[in-house]
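A short worksheet on the structure shown next.
The values are calculated or read from the model by the stated rules, or taken from the named source; none is laboratory data. The structure presented is a predicted model; accordingly, all values stated were derived computationally and were not measured. Here the Cβ positions follow ideal geometry from the backbone for every residue, glycine too, while neighbour counts run over all protein chains shown. Quick note on the areas: whole protein, heavy atoms, side chains included, nothing else; ligands and nucleic acids left out. Shrake-Rupley method; radii C 1.70, N 1.55, O 1.52, S 1.80 Å.
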Amino acid sequence: MPYIHHFITVCCRFLVYANDSEGNPFQDQLVPQAVGCPALLHAMAAVSAGHLDRSQGKHDLEATKHYYMALRELSTTLSDPAVARADSTLGACLLLCVYETSDYLSRWFSLLDVSGALFSGGGTLLEGNYWLENSPCSGKQPTIPNFPAYDPNGSNANHFHELMVYMARMSRLSSESMNKDMDQDIVRHEATKVLHELHLWWQSCPPSIRDQSNDWRRQPRPQKLTIAETLEEEGISSIRSCMHACVIYLNHIINPLAHDHQNYEVQEAISGILDIANETPEGYGLEMGLYFGLFMAGIAVFNNPEVEDLLRRKLKADTRVSIYHADRCLELLEVLWGRQHRYGAKYDWRQVQKQMGISVRIRRSAYSSSTRLNAAYLLLRPCSPTIMQHIYVHECPQRVSTIDTTGMVSEKRKILLLGGTGKVSSRIAPLLVTDGYHVVLASRSGTAPSERGYYGINFNWDDTKTYPDPFAAHSISAVFIVAPFVSEQLPLAKEFIDIAVKSGVKRFVLLSASAFPVGPGPLMAPVAQYLAGLGVQYAVLRPSYFMQNFSEMAHLHTIRDAGQIVTASGDGKVPFVSTNDIAAVAAKALTIENSFNRDILIVGDELFSYGEIAKLMSEALGREITHVDISEDAFAAAVEKFGIEKDYARALAKLETGVKEGKEMIVDDSVLRITGTPPVKFRHFLNEAIERGVWAKK
């Protein structure tokens, strides 16, 4: 099996340090046990495929498949206490932890676990003094006396395991702080207590750990540090970084949205982590132990581009020298930082992680089993509240958690945007990607930006054979529908929607128009009615006329080339709305936790006739722009010339008459209520378009 070969020959080397390659425990102890343990075999394949995918691509699906299979095997065997205590079982858990380092740093310290375990010689891969009873190591002779070479006395490993007790406790508190049913005053009080105990423990640590100088690499010495001595110092730096990270984490639980009045110890902790990071060269052995600290510093800083850039550089890993990485961790931080810069407000990273759709759910089981295994699951993921939401080992020491793979998400479900290159979908996409979602842009061309998070797919309303393609190629959770440009839209839309529902899509957002309430009527109205009666999550967006019609489509060429705006609307007034506002509402409708399940009017907060728009444009452009009012029939004929179906063109022309009759004189504050931002003013749109030279004569 090529993945197992890659695991043995490549991944095993990266799982330990270069000078510890002889007697490599992953090769010598774990690989032989894979023959009788399917969970371990699949875990090895998942780690191997995941590493290959980062360097070569095209292995993601195989990695995910083996990951799922390993979890299923574990889920069916953990009820047997003998199996739960086996090295092969805990080895499988450990390798899955390594695999999941890509999911928001949830298993970043797994190597230290193994190092301390093999030193302690207690018989399992996760032996150590961090069990619930806080007992010291068993004192047995190590099974591999020279492993690990960087910590021959086990001092670093033991201190790190003691720190892991606090990590486990704060992870549980973080989970409780996200539970709306918990008394948050009690949670904050407990977090304050743990923080105090953590400081007392830190003061009891040896000065060689607590007071290590950040510039230890550059200090003059009689002779150069050996590799083992260097790695020992690296380990101490990791412990210090994690200590600072715990301080940030506990303060975050106590006050998650603090930024204007961040307390002194958080500021000191951030500085401590950054100082360590600045002194740590890329590619050094224990650099991955700093990831937790870097991540916590990242969630604590607020709108500081210089610090963000440093963290960005340090969190990136070279696949040629490391199997550990924090890609998803960095992805989360990018989303968090992007939101904070955009809105000028502090966000809770745990809520952002939840919204980004990556989680592993844990189901608590009633059977009794190994306390050690329960603690293993707890401690292997100290910084991820999602996996901790139902584990309370301090209160329930005889309960063991099994992995519930039902509904588990390893890969992000994507959002499908029809009309992917159009005026609205092209503006929704970057909002979603910035917030951490992956988008599939469906269009005739099938094109998409090359940046991470975008996918293109060929889709054509005129070719029903393309309807299933997005769902065959991607796991889609929500769909934004731009209806076909035909007068009878329901038959085609219904066929597509039915395929989407059968493919597991739970939410639909339909782009309709202000003139079409949900119910019987022309064009999009019956499509909206069908969605509303289907029993799915939905929203029907009913925007008025787009401001961008003047700059990107209908009126662009006549304004630029002839100085005319041609309509059949007379002196009727319109609450013109920017497609940026429509996109912002659509992004909310696609991702908000509780679906709207209603129609939403989307209008600007100003009313203008086309004659008034022409006057504004004349003043801004310094040349005359006039409004030319034509008949409904003439308008329909003009639209037909663009290749629009006759009945559809007539329906559009009737909308113009509706404007003339005052049917678009609508006032609504949905944009402000849903997005928190007032709608774009027409003059702002106009000035911005002029700056871009939209109507400049060629």
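General observations
- Measuring nothing but how far apart in sequence close Cα pairs (under 8 Å, 6+ apart) lie, relative to its length, region 608-657 scores a relative contact order of 27 percent.
- Gyration tensor (alpha-carbon) shape descriptor, region 608-679, a/c threshold 1.5: oblate
- Of the Cα atoms belonging to region 523-575, the radius of gyration and Dmax stand at 16.5, 50 Å.
- Whole-Å distance, taken between Cα centres, linking region 196-216 and region 606-645: 73 Å
- Rough spin-label spacing in nm, given labels placed 7 Å along Cα→Cβ, for residue 192 and residue 465: 6.9 nm
- Looking at region 647-698, the accessible area is 61 square angstrom per residue; that uses a 1.4 Å probe and ignores ligands, DNA and RNA.
- Estimated from the Cβ-Cβ distance and a Förster radius of 25 angstrom, the FRET efficiency linking residue 621 and residue 445 is about 0.15.
- Whole-Hz couplings from phi, Karplus 6.51/-1.76/1.60, listed for region 245-250; x for Gly and Pro: 5, 5, 4, 5, 4, 5
- Distance in nm between pseudo-label sites at residue 271 and residue 641 (7 Å out along the Cβ direction from Cα): 7.1 nm
- Using the Karplus relation 6.51 cos²θ - 1.76 cosθ + 1.60 with θ = phi - 60°, the per-residue 3J(HN,Hα) values for region 612-625 come to 5, 5, 4, 5, 4, 5, 4, 5, 6, 8, x, 8, 6, 10 Hz, with x marking Gly and Pro.
- With a threshold of 24 Å on the Cα-Cα distance, the over-threshold entries among 588/646; 506/588; 354/414; 646/697; 414/465 are 588/646; 646/697.
- Between residue 211 and residue 255, the contour length at 0.36 nm per residue exceeds the alpha carbon distance by 13.0 nm.
- Site pair residue 155 and residue 306 shows an inter-label distance of 3.6 nm when each label is modelled 7 Å from Cα along Cα→Cβ.
- Surface share of carbon and sulfur [accessible, 1.4 angstrom probe, percent] for region 639-686: 56 percent
- Gain upon complete extension [residue 264, residue 534; 0.36 nm per residue less C-alpha separation]: 91.8 nm
- Backbone phi angles across region 47-62, fed through the Karplus curve with coefficients 6.51, -1.76 and 1.60 (θ = phi - 60°), yield HN-Hα couplings of 4, 5, 5, x, 5, 4, 5, 5, 9, 10, x, 6, 10, 5, 5, 5 Hz in residue order; Gly and Pro are listed as x.
- Kirkwood radius for region 423-580, taken over all pairs of different Cα atoms as the inverse mean of 1/r, rounds to 17.2 Å.
- Dimensions of region 442-521 from C-alpha coordinates, computed as largest minus smallest value along each principal axis and given longest first, are 40, 24, 22 Å.
- Residue 627 long-range amide H proximity, modeled H, under 5 Å: 565
- For the peptides 49-58, 615-624, residues were scored by their other Cβ atoms within 10 Å and the scores averaged per peptide; the highest-first order is 49-58, 615-624.
- Area projected by the alpha carbon convex hull of region 158-255, averaged over all directions, nm²: 7.0 nm²
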